[in-house]
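S.K.: I have a structure here, written as structure tokens, and I will follow up with some questions on it.
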Amino acid sequence: SSQSDSVSVDTTAPTISSFGVANPSSQNVEVSFDSDEQLSTIDVSISTAESATLTKSDFTESNKGDGTYTYTATYSGSTDGTYDATLNTAEDAASNDGASSQSDSVSVSNDSDGDGIPNTKEGTADADGDGTPNYLDTDSDGDSIPDSIEGTADDDGDGTPNYLDTDS
């Protein structure tokens, strides 16, 4: 009497989709993608404005409940410029790699409205009540003088920077 066993070997690489890079806030760079199976190894390179490598421990894994997973990581950048991200490795438990150099880029600026005043200085308040936060508003105080002209000085010495001061 002979006996036999069969062994199943996973040789199918994960399918990676929706690879993207975004700038959710400040100089942060968010990398996310979907996989049709759980991953054990991830390697994403960040380049151009800064250089870094994101690995599996940097990513959060969300089970979408349909057999697919979303992976998301946020890199804390410190420089304005273009951030390129490339997926170098996306391996499942059997070391099948689904990465095929998927890449995306995002432009990061610490001055979203281009007025020469950093977002961190302008903040998210809405000084003139027009529905646009100061960091996105080219005339934060609503006095019809652009923030880029008014600047951050306090010409009348009242403690309010010119870009927020309607009587400066």
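S.K.: Of Asp126, Asp36, Asp156, which is the most mobile in a GNM of the chain whose springs link Cα atoms less than 10 angstrom apart?
M.R.: Asp156
S.K.: Rounded to the nearest 20 debye, what is the charge dipole size of the chain about its Cα centre when +1 sits on each Lys and Arg Cβ and -1 on each Asp and Glu Cβ? The partial results should precede the final answer.
M.R.: On the way: 3 positive and 36 negative charges, 275 e Å.
For this selection, approximately 1320 debye.
S.K.: What's the carbon and sulfur percent of region 95-168's accessible surface, probe 1.4 angstrom, rounded to a whole number?
M.R.: Working: 1660 of 3810 Å².
About 44 percent, which is the carbon plus sulfur part of the accessible surface.
S.K.: Another one. What number comes out for accessible area per residue over region 1-90 if the probe is 1.4 Å? Units Å², please.
M.R.: Details: 4900 Å² over 90 residues.
Computed with neighbouring chains in place, this is 54 Å² per residue.
S.K.: Once R0 is set to 35 Å, what does the formula 1/(1 + (r/R0)^6) return for the Cβ-Cβ distance between Asp155 and Ala22, expressed as a FRET efficiency to the nearest 0.05?
M.R.: Details: r = 38 Å, r/R0 = 1.10.
Efficiency computed from Cβ-Cβ geometry: 0.35.
S.K.: Using a Gaussian network model on the chain with a 10 Å cutoff between Cα atoms, which of Asp92, Asp66, Asp128 fluctuates the most?
M.R.: Asp66
S.K.: Can I ask one more? Out of Thr82, Asn110, Tyr135, whose Cα points farthest toward the positive end of the dipole of region 57-138 (charges: +1 Lys, Arg; -1 Asp, Glu; placed on Cβ)?
M.R.: Thr82
S.K.: Tell me, Kirkwood radius of the chain from alpha-carbon pair distances, in Å? Display every interim value, and only then the final one.
M.R.: On the way: mean 1/r = 0.0526 Å⁻¹.
This gives a value of 19.0 Å.
S.K.: Roughly speaking, what is the centre-to-centre gap between region 127-146 and region 1-76 when only Cα atoms are used, to the nearest Å?
M.R.: Here the answer is 40 Å between Cα centres.
S.K.: Using heavy-atom solvent-accessible surface (probe 1.4 Å) with all chains present, what is the largest-first order of Lys121, Lys56? Intermediate values should be presented prior to the final figure.
M.R.: Details: Lys121 110, Lys56 70 Å².
Sorted by accessible area, descending: Lys121, Lys56.
S.K.: In percent, how large is the relative contact order of region 39-168, given Cα pairs closer than 8 Å and 6 or more residues apart? Don't skip to the answer; put the middle values down first.
M.R.: Numbers: 229 pairs, mean separation 20.9, N = 130.
It comes to 16 percent, rounded to a whole number.
S.K.: Which one, Val21, Val106, Val44, has the greatest fluctuation when you compute a Gaussian network model over the chain with C-alpha springs under 10 angstrom?
M.R.: Highest fluctuation among the options: Val106.
The values are calculated or read from the model by the stated rules, or taken from the named source; none is laboratory data. Predicted model, so just to flag it, every value in this text is computed and none were measured. As a convention, Cβ positions derive from the backbone with ideal geometry for all residues, glycine included, and neighbour counts pool all protein chains shown. The area values use the complete protein model at the heavy-atom level, side chains included, leaving out ligands, DNA and RNA. Shrake-Rupley method; radii C 1.70, N 1.55, O 1.52, S 1.80 Å.
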